[in-house]
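Note sheet for the following structure.
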Amino acid sequence: MKKEEKVQLTSKNVDRERDKLLFSIYKRLSQAYEKHGNYKEALKYDQLKDKVESRISDSQKYHEIKELNIKYETAEKELEISRLNKEFEAAQYRRILSITGFLLLTMLLATLFLYERTKKLKKSREALLMADRMKQKDLEHQAFYNETKQCLVRNYLDGLEAERIRLARELHDNVSNQLVVLKMEIERREKLHPIAQSVADLHTEVRNISHGLMPPVFQYATLSEIIKDYVYQQNLKGNILFTAVISPEDYNWETVPSELSIEVYRILQEAIGNAIRHAETGEVDIVLKVVDGILMLDIADNGKGFVVGEQKAGLGLRIIEERAEAINGTLEIQSEINKGTVVKLQVAL
């Protein structure tokens, strides 16, 4: 046999064995992808397998024709070639088995890795989703709680305001009128004239209390005007000096809602009432101002003061806190022993 024919035959054998190897690899890859549900890749490798199989078939036919030609030439060479081919095929088979085993092991490990990673990612996503749901539920519960609390505070303050109005009318219509009748009856008796002055003073005090209980009519006066008038009325009593500073002077106080004005006025009343009853003060300074859309009210006295948080808040302070919360305001109370107390209110307009 010519040297060129031997080389060509050997090349054909190598190609055929390579195609067999590729055929086996493509077949296993197709089966592996089909098993994992990746039908697109399975179809791709199945088509490649068919092409290799066709090539192998053609190669086999060519090889068979060549072998027939070789058989005609010499039986000994045919046996030698057959033996060599068998040895080569055995080596290739062992190589294919090794490569296939390695590939299968690699694919198995990769599949297990992907499976575990997918499972961990799924658990992580589920945990994050559950945390988000719990956070959303907490926010909803907190919003519901705040809304309910605001509603309860509003109802309480409305009830308190209605009770103030009822008491004011009761004092004005009944108690005040009865005091007038009593004063007239005492004045008829000369010996009781000194008592008549006490009854007159009591009548004046009852009228002042009844007027203080009635809410101011902000339809006809602004918050700044009401506070100025309130300070003026307090100074008429003469025992405590009240001052009021209102800024800016050119601010349009008519833009402050009447509902907000009532609550701010009531907070002022309660704070001053506390100062008069408990602080033993001689001076009360009031500052009302608007800065960058924030209404600020400060009520400061020079009384005996107290340690904030050391004692339980009284009814007046609780009412102040509830009114501030009802208008979404922030309340701060500063006080020191023998240095007085400052009540600070801030609320957005």
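The values are calculated or read from the model by the stated rules, or taken from the named source; none is laboratory data. It should be emphasised that the depicted structure is a prediction, and the values quoted were computed from it without experimental measurement. All Cβ positions, glycine included, derive from the backbone under ideal geometry; neighbour counts span all protein chains shown.
Across the range 232-244, a minimum of one residue is classified as more than 26 Å from Leu349 (Cα to Cα), assigned to a helix (DSSP H, G or I) and among the aliphatic types (A, V, I, L, M).
For the residues Ser258, Ser247, the requirement of being out of contact with any Pro (no Cβ under 7 Å at 6 or more places or on another chain), surrounded by 12 or more Cβ atoms within 10 Å (Cβ to Cβ) and within 19 Å of Arg323 (Cα to Cα) singles out Ser258.
Quick check: is even one residue across the range 268-285 surrounded by 13 or more Cβ atoms within 10 Å (Cβ to Cβ) and of a type in the set (Lys, Arg)? No: the range 268-285 contains no residue that is surrounded by 13 or more Cβ atoms within 10 Å (Cβ to Cβ) and of a type in the set (Lys, Arg). Of all the numbered requirements in (1) modelled with pLDDT of 90 or more; (2) more than 30 Å from Gly293 (Cα to Cα); (3) among the charged types (D, E, K, R), Lys344 misses one, and that requirement is (2). In the range 294-315, the residue that is modelled with the highest pLDDT out of those that are more than 17 Å from Val284 (Cα to Cα) and not aliphatic (A, V, I, L, M) is Gly309. Cβ separations smaller than 6 Å between residues 6+ apart or across chains give the following pairs from the range 24-40 residues that are within 23 Å of Arg55 (Cα to Cα) to residues that are surrounded by 14 or more Cβ atoms within 10 Å (Cβ to Cβ) and among the acidic types (Asp, Glu): Ser30/Asp46. Part of a helix (DSSP H, G or I), closer than 22 Å to Leu21 by Cβ and in the same structural domain as Lys20 (by TED's automatic domain parsing) - does that describe any residue in the range 110-123? Scanning the range 110-123, I find at least one residue that is part of a helix (DSSP H, G or I), closer than 22 Å to Leu21 by Cβ and in the same structural domain as Lys20 (by TED's automatic domain parsing), so the answer is yes. In this entry, Tyr62 is excluded by the filter for residues that are closer than 18 Å to Thr111 by Cβ, in the same structural domain as Leu104 (by TED's automatic domain parsing) and in a helix (DSSP H, G or I). Only residues that are surrounded by fewer than 19 Cβ atoms within 10 Å (Cβ to Cβ), aliphatic (A, V, I, L, M) and touching a residue at least 12 places away in the same chain (Cβ under 8 Å) were counted across the range 299-325, and they come to 3. Before we move on, is Gln60 surrounded by fewer than 18 Cβ atoms within 10 Å (Cβ to Cβ) and free of Cβ contacts under 8 Å to residues at least 24 places away in the same chain? Criteria not met by Gln60.
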